[in-house]
Amino acid sequence: MAHEIELKLALGDTEHEGAEALRHHPRLVGVTPTLAQLGNTYFDTPEGDLEDARMALRLRRVDGRLLQTLKTRGQGGGGLSTRGEWEWEVPGPGLDLAGLAALPPLAGCEAGLLERLAPRFATDFARETWWLEHAGATIELALDIGEIRAGERVVAIRELELELKAGEPEALWSLAEALADRVALRPSDTSKAARGGALLEGARALPEAASPAGWLHRATAALDALADSSDEAWRREARRAFQRLAELGDDAEGDGDARALAEALSAEPWLTPAFGRRMLRLARRLPGDAELS
């Protein structure tokens with residue numbers, strides 16, 4: 001088992017300030033990315049047993065190989081997460097059920113659960129990957145552009161993942177803030193698997209909040225929902241969460257990030273490099289301890 005430590009960042013809709021701005025960022029100049037087309041099918045039981053346990057199971061097609069991956073529930077918030085991950089190559093075309101049964105998270109699962117696993121939704125995206133040495137750490141930077149499909153429903157994937165390969169997690173924040181000087185990005189707490197599940201069910205719920213980190217997680221989840229649905233109700237929820245965070249004392253440190261973020265959500269476009277820098281500063285100050293899907 002590996003522990004995946006990554007910072008997930010959502011990009012804006014505008015290519016100039018999003019993906020294209022990232023590709024031309026001075027931090028990436030002279031670093032040649034690798035390119036891959038990734039096709040992924042996610043599996044669960046018809047009742048959603050894995051999703052209920054905050055696990056995600058997928059088959060990934062890449063470079064003529066078929067990889068099977070199981071991820072367990074994440075811990076964190078503000079874009080930063082730590083998850084358990086098992087990945088191995090399989091012959092296909094279907095799942096390696098024997099390999100799954102041997103994994104600790106599925107030990108003692110109810111009889112017949114693995115046999116009821118079936119495809120639920122798919123993600124297909126182009127991935128550009130840069131390997132960087134930054135602040136004493138080795139970081140894999142992956143830009144994913146594509147879509148999630150669940151039946152007739154489709155949402156776009158425009159995200160950036162900074163995965164720590166060696167070093168301390170603090171380097172992830174440092175690199176994200178450096179990128180945010182020119183790129184419109186923000187922390188994101190909702191995985192592709194959780195987004196696909198919500199798309200399939202046609203429903204989404206926000207986490208409850210009882211602490212500053214909890215309100216930041218709620219605001220982040222609301223912005224994730226807004227990006228996938230364009231439903232203005234989620235923007236209002238994010239604004240209320242930032243306002244509540246400001247009331248709890250975020251502005252006492254003098255920079256007023258939470259209050260400024262709430263106000264910025266009234267503008268168009270609201271996701272700008274300045275918005276992202278403020279949200280990253282806030283997330284860096286408020287380490288999350290939420291359970292993530």
Among the candidates D231, D144, single out the residue that is closer than 23 Å to L59 by Cα, at pLDDT 95 or above and not polar (S, T, N, Q).
D144
Out of all the residues in region 187-224, which are among the basic types (K, R) and either assigned by TED's automatic domain parsing to the domain that holds L70 or under 15 Å from I148 (Cβ atoms) (or both)?
K192, R195, R204
Inside region 189-221, the number of residues satisfying the requirement of being over 17 Å from L7 (Cβ atoms), crowded, with 24+ Cβ neighbours inside 10 Å and touching a Phe, Trp or Tyr at 6+ places or on another chain (Cβ under 7 Å) is 2
Of the residues in region 6-18, those that are at pLDDT below 95 and crowded, with 20+ Cβ neighbours inside 10 Å come to G12, E17, G18
Can you tell me which residue among E128, E140, E163, E159 is in a strand (DSSP E or B), within 24 Å of A258 (Cα to Cα) and within 17 Å of the chain's Cα centre (by Cα)?
E159
Among helices (runs of 4 or more DSSP H) entirely inside region 212-272, those with 2 or more residues being touching a residue at least 40 places away in the same chain (Cβ under 8 Å) and not small (G, A, S) are 212-229
Considering only region 1-95, give the strands (runs of 3 or more DSSP E) lying wholly within it that have at least 2 residues that are over 30 Å from R182 (Cβ atoms).
2-11, 34-44, 56-62, 65-71, 80-89
Can you confirm whether T123 is touching a helix residue (DSSP H, G or I) at 6+ places or on another chain (Cβ under 8 Å), of a type in the set (S, T, Y) and either in a strand (DSSP E or B) or at positive phi (or both)?
yes
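Could you count how many residues in region 129-179 are touching a Pro at 6+ places or on another chain (Cβ under 7 Å) and either closer than 15 Å to L80 by Cβ or buried (at least 17 other Cβ atoms within 10 Å of the Cβ) (or both)?
The total comes to 1.
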The correct count of residues that are touching a Gly at 6+ places or on another chain (Cβ under 9 Å) and either closer than 23 Å to A205 by Cβ or at pLDDT 95 or above (or both) in region 62-73 is 6
Just to check your reading of the model, which residue among D44, D52 is under 22 Å from L200 (Cα atoms) and either modelled with pLDDT of 95 or more or in contact with a helix residue (DSSP H, G or I) (Cβ under 9 Å, 6 or more places away or on another chain) (or both)?
D44
Selected residue (criterion: surrounded by the most Cβ atoms within 10 Å (Cβ to Cβ)) from residues of region 273-292 that are charged (D, E, K, R) and in a helix (DSSP H, G or I):
R278
Between a residue in region 141-158 that is under 27 Å from L172 (Cα atoms) and any residue that is assigned to a strand (DSSP E or B) and of a type in the set (S, T, N, Q), which pairs come within a Cβ distance under 8 Å, given they are 6 or more apart or on different chains?
L141/T129; A142/T129; L143/T129; G146/T123; E147/T123; I148/T123; I157/T123
Between A246, A241, A267, which is exposed (fewer than 13 other Cβ atoms within 10 Å of the Cβ), of a type outside the set (V, I, T) and over 19 Å from W173 (Cβ atoms)?
A267
Could you tell me whether L28 is in contact with an Asp or Glu (Cβ under 9 Å, 6 or more places away or on another chain) and of a type outside the set (F, W, Y)?
no
Flag if S230 is surrounded by fewer than 22 Cβ atoms within 10 Å (Cβ to Cβ), hydroxyl-bearing (S, T, Y) and either outside the structural domain of R281 (by TED's automatic domain parsing) or within 18 Å of D257 (Cα to Cα) (or both)
no
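The values are calculated or read from the model by the stated rules, or taken from the named source; none is laboratory data. Source: prediction; values computed, not measured. Neighbour counts are summed over all protein chains in view; Cβ atoms, including those assigned to glycine, are modelled from backbone coordinates with ideal geometry.
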